[in-house]
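My questions all concern the structure below.
Just so you know, all these numbers are worked out from the coordinates, no wet-lab data involved. Just so we're clear, the structure is a prediction, and the values are computed from it rather than from any experiment. Cβ placement follows ideal geometry from the backbone for every residue including glycine, while neighbour counts extend to all protein chains displayed.
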Amino acid sequence: MLLIACPHCGPRAESEFHCGGEAHIERPKDPASLSDAEWAEFVFLRDNIKGLVFERWNHAHGCRRWFNAARDSVTYEILAIYPMGSPPPALDPRRYV
Amino acid sequence: MAGRMRLPQGGFVAHDELLTFTFNGKTYKGLAGDTLASALLANGIHMVGRSFKYHRPRGIVSAGGEEPNALMQVGDDPRSEPNLKATQVELVDGLKAKSQNAWPSLEFDVGALNGLASRFLPAGFYYKTFMWPASAWMTYEHFIRRAAGLGVSPRQRDPDRYDKTFAHCDVLVVGGGPAGLAAALSAGRAGARVILAEQDHLLGGALLNTQGEVIDGQPARDWIAAAEAELAALPEVRVLKRTICYAAFDHNFFGLVESVTDHLPRPPENLPRKRLWKLRTKQVVYCAGAIERPLVFADNDRPGVMTASAVQSYVNRYALRPGRRAVVFTNNDSGYGAALDMKAAGIEVAAVVDARQVPAGPLTERATALGLRILGGFAIVAVEGARRVKRVRVAELSLDGKTVTGVPEAIDCDLVASSGGWNPTVHLFCQAKGKLRWDDEHACFLPDAAMQTGQQSAGAANGRFGLGSCLREGTEAGAAAAAACGFAPSDTAASQAEDRDFLPGRWIWLVPGEHPLGHKAKHFVDQQNDVTAADLKLALREGYRSIEHVKRYTTTGMATDQGKMGNVNAIGIVADEVGGHLPEVGVTTFRPPYTPVTFGVFAGRDVDNLLDPVRRTPMHAWHERNGALFEDVGQWRRAWYYPQHGEDMHAAVNREVKAVRDSLGILDATTLGKIDIQGPDAAEFLNRVYTNAWLKLGIGRCRYGLMLKEDGMVMDDGVTTRLGEKHYLMTTTTGNAAAVLGHLEDYLQTEWPDLQVYLTSVTEQFATMTLSGPSARRLLADVSDADLSPEALPHMAYTAAKVAGVPARIFRISFTGELSYEINVPASFGMAVWQTLTTAGERYGITPYGTEAMHVLRAEKGYIIVGQETDGSVTPHDLGMDWAVSKTKDFVGRRSLSREDMARPDRKQLVGLLTKDPKEVLPEGAQLVEKVLPQPPMPMLGHVTSSYHSPNCGRSIAMALVKGGLARKGETLFAPLGDGRTIACVVADTCVFFDPEGERLK
Ligand SMILES: [Zn+2]
């Protein structure tokens, strides 16, 4: 069970959180202009990387706020927590493979 | 004396505290401090069970949690527990134990015939024999389980209580042997918050099993006592005895089980039987010691063959003689410890058979000095004696160790102590995804790099086998762990002791016998699962290479002991056979739990009424008093129907359904999800999350909305009302309330943070009651100051008013097709208003109706229920609800609706179904086919989603999702049922079975 540092509530057990999957996938501004393939890419397809991943997390049983986390999917180490809408932190993905 | 093999004094047992216990119905005596295994051995009993496949007699092999053979059923129903290791069961007065691996009895065992039939039970026999047909497997499995005696689960419910507790610490020390005590002391002295977990009821670990160890100039026993006293005095240190750390999870989260009362003959009422510790630590030091592995030689499973360290434990800790005349078989120095201790205890040591050509090492030298007979370069090549070792034959090994030379010599003995080296207990380290490295010198896997931060290993668990090294490494690890948590190290030096390693060794994984492998004798690798060296070689011949595949095919290491003794031997034999090096063969994955954990601790107090929270509406007591039966909807208890005068469900529901259409019904709808939505951008927000248009909804007006996920599938529906300029109230289905709120919050916070909208769940703040039926307006007018005229409050409109003197929100919306008012009042007034309405409503024949009648009423109107007519793969178009979907704006899920697949004509579409026989009611979930074939499979078109007898239509009605259903109107379909009946039905023109024009809503 991960220990996740909610930016509002501090370190709490993973069971209080809900993972929202890959971060930095923005909803297209004009969905109608997308091809079926492009839309499917947005709705269904995720990278599932071994190594450095950026994820959305929600403190569902706490403050109910969404935030982003950078995590090593091999060691599970959480490398950074940062707000929604911020760019991902500058981490070298080659270090986390 | 407690048992004829008991020594008159010594050890860690209370010689003056006699306990009585029974084993297979016979009564014996043991001592306080005994385990069940030591008490049996003290009574001269080695044979305690029979093996899983071959039903060979089996004896106690070990003195710890690695025990493969001595599995017991302990206690009587309801406290009977199977699969307990006799080596870990603390003896209590009155304990009752039974062998479980013997049917019909330990002495006469019909399953031993399997031994004769063993050529039919080779590696992979499960796969080969029971692949097909599946029904045969069921038969075989029943027989095999009974014959194999895997223990019996108690038939009555568990009468004991279990607790869970959470804990946090700076440093967790796993294991209370010399390294663990040293680690806990140095971390504790530095001021860190330390938890030391020891599975035993005594601290000291391997020190309890040896004699003559000296630490800091004092006997080890005294040093342990001093360490325990000091730990007890340190305010931030907690020592948990009888506590097994069974699992290492992510981010230094650990699972521990503390056994609280099993060792007490009469447990006090106030204590739980066991306690689950959920522990988060900053640092962990694994000091779990090492497990001695046995040598793999011919018929090495005879009762009386034990590990050398187990023999030492029984002699030194439990003060007993496990035999009268012993042969030691070793390939390293540590077997000599057993030889020396046995000699000191008066056991005749007939010979030390040493695989090494030149036996050497500190203990070897002492044995030589004492004049023990040492056979260097020899091996045990045969063991005689079915129920107890009688004799071994020894012979000289060839130079490569693969064969034996010369004529074997027979040596009479009743005990064989074998040592094949040591396996550090790396299980938890590996569960935490730590990597192992192979140590050629000690022939064992050692912890290498930890995957998670804050993890260290110390002592034998880290390959430090000398006592001095263990103490030093433990001290350093404890100090480093404390320092990592910000505590300055104390200046106390590590305790000092002599360093005696068990090297050198000659690592032979498979000891040759008198006959070719697999002939006339068996070399057991995994005794609990009856896996032999021949089985491993067969698996390799059949093409398996990966150790994970060999494991599954042969089942080696897959029993309740998870191969704690046998796995490395198995890997060594595989490596030899494929001509590789051990680390190239690799290790199997270590998974929790380290030892079996009883289910009770996971349940804890979360049983019966505490299993799941129950949500009740403010009117719940009224429903109970009025005889309602309830159904669970999510965590809510909803009134299902209200039977009167011995009515069955059918009669009660019919009466309720008729009453609503004829006059007036009242429904408790409190459980519907309610989300308060406020802010200047609320309308824009609704417009984006609902499929229809929301920007022009006037104040005081209500609108039905469909909510999709981004994949275009229906997620929820409900009515949302504009209460004020910037204020809306959304309703959701009962079961979806939390999911919808989460969905809305997600979009608001992550996609559209620029929208100024505030969401608040108010489901429990309001009690909701629905008045439905032709008399609804009249009753409400009697008790309310609202203007209820159709002009002032038309269908799909809202007003605030007083109802029964209480401020209320009145919504004229309908889920029955009748004139209906949904009334929200503050929850604390719910019961009072409900009582006023039901009392004042008597003159209109008001009838409370439950969820079942509600379902029938809405089905008569063809109204869907999300989760019943939908299953996450249904679009608005599939439901025939295009009228609720805007064509001019974007909304969540819209783009998906124009995917090519969505226009497929053979998608499943919602249709009405009418049975040919109006009296017949289709079962919900029934599969529909075009043509009935003599037997399944037959092509299925879809299934019935809702089906009821409708008293208002005077017949049965149903809805179904059917492939291409909209084009099938008038077609006859069939529902073949499990009971052999087939119901014929016709696809109706519409789902609306009652009042299709909607006259009654006006
Ligand atoms: Zn939070």
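What are the GluC sites (Glu not before Pro) within the range B:701-787 that DSSP puts in a loop, where the Cβ has at most 11 other Cβ atoms within 10 Å?
Numbers: sites: B:E710, B:E725, B:E745, B:E751, B:E764; in loops: B:E710, B:E725.
Within the range B:701-787, the qualifying GluC sites (Glu not before Pro) (loop, at most 11 other Cβ atoms within 10 Å) are B:E725.
Okay, next question. Dipole magnitude of the protein assembly as shown about its Cα centre, charges +1 at Lys/Arg Cβ and -1 at Asp/Glu Cβ only, in debye to the nearest 20? Please report the intermediate quantities before stating the final value.
Values: 119 positive and 127 negative charges, 331 e Å.
I would put it at about 1580 debye.
Right, another one. Based on Cβ point charges of +1 for Lys and Arg and -1 for Asp and Glu, what charge dipole magnitude is obtained for chain B about its Cα centre, in debye rounded to the nearest 20?
Numbers: 108 positive and 114 negative charges, 325 e Å.
Rounded to the nearest 20 debye, it is 1560 debye.
Which whole-Hz couplings ³J(HN,Hα) result when phi for each residue of the range B:737-742 is put into the Karplus expression 6.51 cos²θ - 1.76 cosθ + 1.60, θ = phi - 60°, listed in order with x for Gly and Pro?
Values, residue by residue: 4, 5, 5, 5, 4, x Hz.
What pairs in B:K53/B:K241; B:K274/B:K433; B:K96/B:K343; B:K861/B:K963; B:K26/B:K164 have C-alpha atoms more than 30 Å from each other? Kindly include the intermediate steps, with their values, before the conclusion.
Numbers: B:K53/B:K241 36 Å; B:K274/B:K433 28 Å; B:K96/B:K343 33 Å; B:K861/B:K963 22 Å; B:K26/B:K164 37 Å.
From B:K53/B:K241; B:K274/B:K433; B:K96/B:K343; B:K861/B:K963; B:K26/B:K164, over 30 Å: B:K53/B:K241; B:K96/B:K343; B:K26/B:K164.
A further question on this structure: Considering only the other residues whose Cβ falls under 10 Å of the Cβ of B:I411, what net charge follows from Lys and Arg at +1 and Asp and Glu at -1? Please report the intermediate quantities before stating the final value.
Numbers: positive: B:R325, B:R373, B:R391, B:R393; negative: B:E409, B:D412.
With Lys, Arg at +1 and Asp, Glu at -1, the net is +2.
In the neighborhood of B:E764, defined by Cβ-to-Cβ distances under 15 Å, what is the net charge if each Lys or Arg adds +1 and each Asp or Glu adds -1? It would help to have the intermediate numbers written out before the result.
Working: positive: B:R615, B:R616, B:R637, B:R638, B:K674; negative: B:D668, B:D676.
Counting the neighbours of B:E764, the net charge comes to +3.
To continue, here is another question. Which of B:G698, B:L610, B:S896 sits closest to the plus end of the dipole of chain B, meaning its Cα is farthest towards the positive end, when Lys and Arg get +1 and Asp and Glu get -1 on the C-beta?
B:L610
Among B:A683, B:A539, B:T588, whose Cα projects farthest towards the positive end of the dipole of chain B, with charges put on the beta-carbon of Lys, Arg (+1) and Asp, Glu (-1)?
Selected residue: B:A539.
Over the range B:668-849, what lengths in whole Å, largest first, do the semi-axes of the equivalent ellipsoid take, defined as the square roots of 5 times the eigenvalues of the alpha-carbon gyration tensor?
Semi-axes from the Cα gyration tensor: 30, 16, 15 Å.
Below 8 Å between Cα atoms, with a sequence gap of 6+, how large is the relative contact order for chain A in percent?
That works out to 26 percent.
Distance between Cα centroids, the range B:732-805 to the range B:699-723: provide it in whole Å.
Comparing the Cα centres of the range B:732-805 and the range B:699-723, I get a distance of 12 Å.
Taking 7 Å along the Cα-to-C-beta vector as the label spot, tell me the B:D989-A:S33 distance in nanometres, rounded to one decimal.
4.7
Find, among the trypsin sites (Lys or Arg not before Pro) in the range B:1-108, those assigned to loop by DSSP (not H, G, I, E, B) with at most 12 other beta-carbon atoms within 10 angstrom.
Numbers: sites: B:R4, B:R6, B:K26, B:K29, B:R50, B:K53, B:R58, B:R79, B:K85, B:K96, B:K98; in loops: B:R4, B:K53, B:R79.
Those that pass, being in a loop and sparsely packed, are B:R4.
May I pose another question? Of B:L207, B:V597, B:A832, which is farthest towards the positive pole of the protein assembly as shown's charge dipole, taken about the Cα centre with +1 and -1 on the beta-carbons of Lys, Arg and Asp, Glu respectively?
Of the options given, the answer is B:V597.
Among DSSP beta bridges lying fully in the protein assembly as shown, give the percent that are antiparallel, nearest 5. List each step's numbers first, then the result.
Numbers: 149 of 195 bridges.
Among the beta bridges of the protein assembly as shown, antiparallel pairing accounts for roughly 75 percent.
Enter the mean number of other protein chain beta carbons within 10 Å of the beta carbon of each residue in A:60-69, as an integer.
Working: counts 3, 0, 0, 0, 6, 2, 6, 2, 1, 0.
That works out to 2 on average.
A further question on this structure: With a/c under 1.5 counting as rounded, go ahead and sort the protein assembly as shown into rounded, prolate or oblate using the C-alpha gyration tensor (a ≥ b ≥ c being the square roots of the eigenvalues; past the cut-off, prolate if a/b is larger than b/c, else oblate).
Working: a/c = 2.33, a/b = 2.07, b/c = 1.13.
Prolate shape, in that a/c is at least 1.5 and a/b is the bigger ratio.
Summing -39500 (n - 2.57) over the DSSP H runs of n ≥ 4 in the protein assembly as shown and dividing by its residue number, what mean residue ellipticity at 222 nm do you reach, to the nearest 500 deg cm²/dmol?
Helix contribution divided over all residues of the protein assembly as shown: -6000 deg cm²/dmol.
How much net charge surrounds B:E577 when only other residues with a Cβ under 13 Å from its Cβ are counted (Lys, Arg +1; Asp, Glu -1)? List each step's numbers first, then the result.
Working: positive: B:K402, B:K537, B:R541, B:R545; negative: B:D535, B:E542, B:D576, B:E584.
With Lys, Arg at +1 and Asp, Glu at -1, the net is 0.
Over 27 Å between C-alpha atoms is what I'm after, so list which of A:K29/B:K726; B:K29/B:K564; A:K50/B:K282; B:K282/B:K551 land there.
Details: A:K29/B:K726 25 Å; B:K29/B:K564 30 Å; A:K50/B:K282 25 Å; B:K282/B:K551 35 Å.
Check vs 27 Å cut-off fails for B:K29/B:K564; B:K282/B:K551.
OK, next. At what distance in angstrom do the alpha carbon centres of the range B:485-553 and the range B:360-409 lie from each other?
20
Taking the alpha carbon gyration tensor of chain A, what are the square roots of 5 times its eigenvalues, largest first, to the nearest whole Å?
25, 17, 12
Length gain on complete extension for the stretch B:E791 to B:H581, per 0.36 nm per residue less the alpha carbon to alpha carbon distance? Walk me through the intermediate numbers first.
Working: separation 210, 0.36 × 210 = 75.60 nm, distance 9.02 nm.
Answer, rounded to one decimal: 66.6 nm.
Write out the chymotrypsin sites (Phe, Trp or Tyr not before Pro) in the range B:455-562 meeting two conditions: DSSP loop, and at most 14 other Cβ atoms within 10 Å of their Cβ.
none
For chain A, give the magnitude of the charge dipole about the Cα centre (Cβ charges: +1 Lys/Arg, -1 Asp/Glu; no others), in debye to the nearest 20. Let's see the in-between values first.
Numbers: 11 positive and 13 negative charges, 69 e Å.
Dipole of chain A, to the nearest 20 debye: 320 debye.
Averaged across A:11-23, how many Cβ atoms of other chains sit within 10 Å of each residue's Cβ atom?
On the way: counts 2, 0, 5, 4, 1, 0, 0, 2, 0, 3, 0, 0, 1.
What the average comes to for A:11-23 is 1.
So, one more: Provide the gained length on full extension for the span B:A410 to B:I699, in nm with one decimal, where the gain is 0.36 nm per separating residue minus the Cα-Cα distance. List each step's numbers first, then the result.
Details: separation 289, 0.36 × 289 = 104.04 nm, distance 10.24 nm.
The B:A410-B:I699 span can extend by a further 93.8 nm.
Next question. Measure off 7 Å from each Cα along the Cα-to-Cβ vector at A:I81 and B:L933, then give the distance between these two points in nanometres to one decimal.
5.7
Taking the Cβ-Cβ separation of B:S873 and B:D77 as r and a Förster radius of 35 Å, what is the calculated FRET efficiency to the nearest 0.05? Working shown, then result.
Values: r = 48 Å, r/R0 = 1.36.
After rounding, the FRET efficiency stands at 0.15.
In addition: Length gain on complete extension for the stretch B:A493 to B:A738, per 0.36 nm per residue less the alpha carbon to alpha carbon distance?
82.4 nm
Also, I was wondering about something else. Between B:E624 and B:D16, how many nm apart are label points set 7 Å from Cα along the C-beta direction?
5.9
Between B:V214 and B:L264, what FRET efficiency comes out of the Förster formula 1/(1 + (r/R0)^6) with R0 = 30 Å and r the beta carbon distance, rounded to 0.05?
On the way: r = 35 Å, r/R0 = 1.16.
FRET efficiency, B:L264 to B:V214: 0.30.
Next question, about the same structure. Specify the inter-centroid distance of the range B:591-632 and the range A:29-68, based on alpha-carbon positions, in whole Å.
35
Just check the range B:178-287 against the gyration tensor rule for me: Cα atoms, a ≥ b ≥ c as the square roots of the eigenvalues, rounded for a/c under 1.5, and otherwise prolate or oblate depending on whether a/b exceeds b/c. It would help to have the intermediate numbers written out before the result.
Details: a/c = 1.82, a/b = 1.23, b/c = 1.48.
Note, shape of the range B:178-287 comes out oblate.
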